[in-house]
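The values are calculated or read from the model by the stated rules, or taken from the named source; none is laboratory data. Please read all numbers here as calculations on a predicted model, not as lab measurements. Note that each Cβ is placed from the backbone with ideal geometry, even for glycine, and that neighbours are counted across all protein chains shown.
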């Protein structure tokens, strides 16, 4: 397995698990706690999620507060443009945007630590995205940042995405009171 830190944001890790192809298809080990721990990812995941989305769907930018979630994300099938934004109050990288195009064929996994807003745009006919989280989902703690926040200047690869009504209503990052954002120190200590 290969791993490296993102050049856009050093707290984000990229993992490329070994993939074994043959005439039948392929096999990939998507999680092995001991192996990832040796590579520097020593976290406990408590929930697995999966979504299926149609072409040109944009999901995000979502986060949870309180109880922010770290996420290990990978694409099962299809292709997405993935976005993570550091929203940790006190972070030297507050507001920094990380982007990565991910495919089911590449097998790339992205670890986004707790305290980031996350979203993605589907570039293929459909995309199935799976992710593990370090905290359970709690609907009352669900929050978001408007996906087209001009201060973030995200270069989404489309003009008119399919977006949920809720995702159209999230505020700009600058308009979210600091008391409703995760703390850099608390997220790093978790």
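Here is how the numbers come out for the structure above:
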| item | result |
| --- | --- |
| Residues of the stretch 156-175 satisfying the condition of being surrounded by 14 or more Cβ atoms within 10 Å (Cβ to Cβ) and outside any loop (DSSP other than H, G, I, E, B) | 162, 163, 167, 173 |
| Candidates 121, 116, filtered to the one that is crowded, with 24+ Cβ neighbours inside 10 Å, within 20 Å of residue 170 (Cα to Cα) and under 11 Å from the mean Cα position of the chain (by Cα) | 116 |
| Residue check, residue 51 modelled with pLDDT of 95 or more and under 18 Å from residue 101 (Cβ atoms) | yes |
| Pick from the stretch 77-113, criterion assigned to a loop (DSSP other than H, G, I, E, B) and in contact with a helix residue (DSSP H, G or I) (Cβ under 6 Å, 6 or more places away or on another chain), ranking: surrounded by the most Cβ atoms within 10 Å (Cβ to Cβ) | 88 |
| The stretch 114-131: number of residues that are within 16 Å of residue 152 (Cβ to Cβ) and assigned to a strand (DSSP E or B) | 6 |
| Enumeration of residues in the stretch 140-155 that are free of Cβ contacts under 8 Å to residues at least 24 places away in the same chain and either assigned to a loop (DSSP other than H, G, I, E, B) or in contact with a helix residue (DSSP H, G or I) (Cβ under 6 Å, 6 or more places away or on another chain) (or both) | 148, 150 |
| Residue that is surrounded by the most Cβ atoms within 10 Å (Cβ to Cβ), among those in the stretch 124-139 that are touching a residue at least 40 places away in the same chain (Cβ under 8 Å) and under 11 Å from residue 65 (Cα atoms) | 135 |
| Filter result (over 22 Å from residue 137 (Cα atoms) and in a strand (DSSP E or B)) within the stretch 14-60 | 14, 15, 16, 19, 20, 21, 22, 25, 26, 27, 28, 54 |
| Residues (within 14 Å of residue 16 (Cβ to Cβ) and without any contact (Cβ under 8 Å) to a residue 40 or more places away in the chain) located in the stretch 33-43 | 35, 36, 39 |
